[in-house]
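So the structure is just underneath, and the comments pick up after that.
The values are calculated or read from the model by the stated rules, or taken from the named source; none is laboratory data. Please read all numbers here as calculations on a predicted model, not as lab measurements. Glycine gets a Cβ as well: all are built from the backbone with ideal geometry, and neighbour counts include every protein chain shown. These area figures cover heavy atoms from the full protein model, side chains too; ligands, DNA and RNA do not enter into them. Shrake-Rupley method; radii C 1.70, N 1.55, O 1.52, S 1.80 Å.
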Amino acid sequence: MKEIFIRRSIREFKNIPVEKEKVDKLLRAAMQAPSAVNQQPWEFIVVESKTSLQKLSQAMPDARPVFNSGLTLILVANCKKFRYEPDWMLDMSAAAQNILLEAVHLELGAVWMSISSVDSAISYVREMYELPSHIKPFALIAIGYPERHKNQFIDRYHTEKVHYEKW
């Protein structure tokens, strides 16, 4: 699977909409993620209108890539699905990683912006979409056709970070 080795955070996008078929594949990939006790707490808000993207890009300073994205996925967790609450963020992270890898496979670019630890961003998204209290905003993933930078291989393997157990 070459996608895992060439994935990069892409923050600039062409002004081209992402096809519905590709959006469906991204969401299907997300929902194939592993999940603690199979709780699958994820839900997704698909943001495509330029007006909403512009407004959402103001959720926090790091959300600027949302403005020019073809679409942005808001990953939220449904607390009513929690069967093992301590791992809900791990479940959501696995879904996010699947989206990022599928985006590369579909020749798209994407960047993950965590909002789960930014109270002001959580409040902003919660208010923008009038989310009920049992829905927790987790992340934004801006997606689109890369403008300048492409997904490409950069070797990040460092042998000094690998430690083999001695017998």
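Per-residue Karplus couplings for segment 5-17, computed as 6.51 cos²θ - 1.76 cosθ + 1.60 with θ equal to phi - 60°, are listed in order as 8, 10, 5, 9, 7, 9, 10, 10, 10, 6, 7, 10, x Hz, Gly and Pro entered as x.
Using a 1.4 angstrom probe and counting only protein chains, how large is the accessible area of W112 in Å², to 10? Roll a 1.4 Å probe over it and W112 shows about 90 Å².
Considering only M60, L90, N15, and ranking their Cα positions along the charge dipole of segment 1-98 that arises from unit charges at the beta-carbon of Lys, Arg, Asp and Glu, the one farthest toward the positive end is N15. For segment 111-151, relative contact order (Cα pairs under 8 Å, six or more residues apart, normalised by length) works out to 51 percent.
Ranked by the mean number of other Cβ atoms within 10 Å per residue, highest first, peptides 14-25, 134-145, 35-46, 70-81 order as 134-145, 70-81, 35-46, 14-25. Heavy-atom accessible surface of segment 1-81, averaged per residue, reaches 56 Å², computed with a 1.4 Å probe. Annotation: amide H-H contacts under 5 Å for K14 (H modelled 1.01 Å from N, sequence separation of 5 or more, or interchain): Y145, E147. For segment 1-126, give the percent of accessible area contributed by carbon and sulfur heavy atoms, probe 1.4 Å, rounded to a whole number. Within segment 1-126, the accessible surface is 52 percent carbon and sulfur. Estimated from helical segments only, the mean residue ellipticity of the chain at 222 nm is -9000 deg cm²/dmol, where each DSSP H run of four or more residues counts as -39500 (n - 2.57).
Based on C-alpha pairs under 8 angstrom that are at least 6 apart in sequence, the chain has a relative contact order of 35 percent.
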